[in-house]
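Remarks on the structure that follows.
The values are calculated or read from the model by the stated rules, or taken from the named source; none is laboratory data. All values derive from a computational prediction rather than experimental measurement. Counting neighbours? That spans all protein chains shown, and the Cβs are built from the backbone with ideal geometry, glycine included.
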Amino acid sequence: MVSACLIKILPETDRSSEELLSCGNCCNCTVMIQNNEQMQHLRKQVLVIDDNNSIRHLLGSILSKDYDVVTLNDGMEAMAWLMKGNLPHAILLDINMPRLDGIGFLQNIRKSGFFRELPVIVITANEEDDLVVKCKFLGVKNFLTKPFNPMQLRDNLKEIFEMPEVFSPN
């Protein structure tokens, strides 16, 4: 478990096309958010984190009609992607993955003042009661078990995006 802030420290330079934000938990970190057209488009972006290529492909196919979908292999890749200044509108997260599993990823983003409000839906084959409770404690919006109903997933995302307190990187 990582106890330090995970946001990369950026050098203090003139960044006219970028915005620097602090995580709010420590005094020595900033994250760069690029103010480009990609970040300002109207389609919501969903980050899919799953080590199973078939699941990533399936979720990409299901969701790409309505959302911009980014797929990554594990929590470590996802943390690196976030620290580059990428901010999805929602995350679909598997639990059992190599390197950094879903619980470790959740713990890390919830420690961050900047990423802690990102809405997360867990999609996993593990449906143990203690795991569901732990995920809810870590702020997971919904918990779906594999195999999952694609319509239920779409409904869950729609509910998240209609909530007024949903995190918005725009």
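Checking each residue in region 54-69 for being more than 13 Å from M151 (Cα to Cα), outside any strand (DSSP E or B) and touching a Lys or Arg at 6+ places or on another chain (Cβ under 9 Å) picks out I55, Y67. Evaluated against (1) surrounded by fewer than 19 Cβ atoms within 10 Å (Cβ to Cβ); (2) modelled with pLDDT under 95; (3) closer than 12 Å to L47 by Cβ, I109 falls short on exactly one condition, (1). Applying the criterion of at least 2 residues that are over 12 Å from the mean Cα position of the chain (by Cα) and hydrophobic (A, V, I, L, M, F, W, C) to the helices (runs of 4 or more DSSP H) found wholly in region 73-153 leaves 129-137. Residues of region 136-162 that are touching a residue at least 24 places away in the same chain (Cβ under 8 Å) and either more than 17 Å from F105 (Cβ to Cβ) or exposed (fewer than 13 other Cβ atoms within 10 Å of the Cβ) (or both): K146, F148, P150, L153, R154, N156, L157, I160, F161. Would you check if there is a residue in region 51-60 being farther than 14 Å from R154 by Cα and buried (at least 21 other Cβ atoms within 10 Å of the Cβ)? No, region 51-60 contains no residue that is farther than 14 Å from R154 by Cα and buried (at least 21 other Cβ atoms within 10 Å of the Cβ). Screening E77 with (1) over 21 Å from D155 (Cβ atoms); (2) buried (at least 21 other Cβ atoms within 10 Å of the Cβ); (3) at pLDDT 95 or above gives one miss only, at (2).
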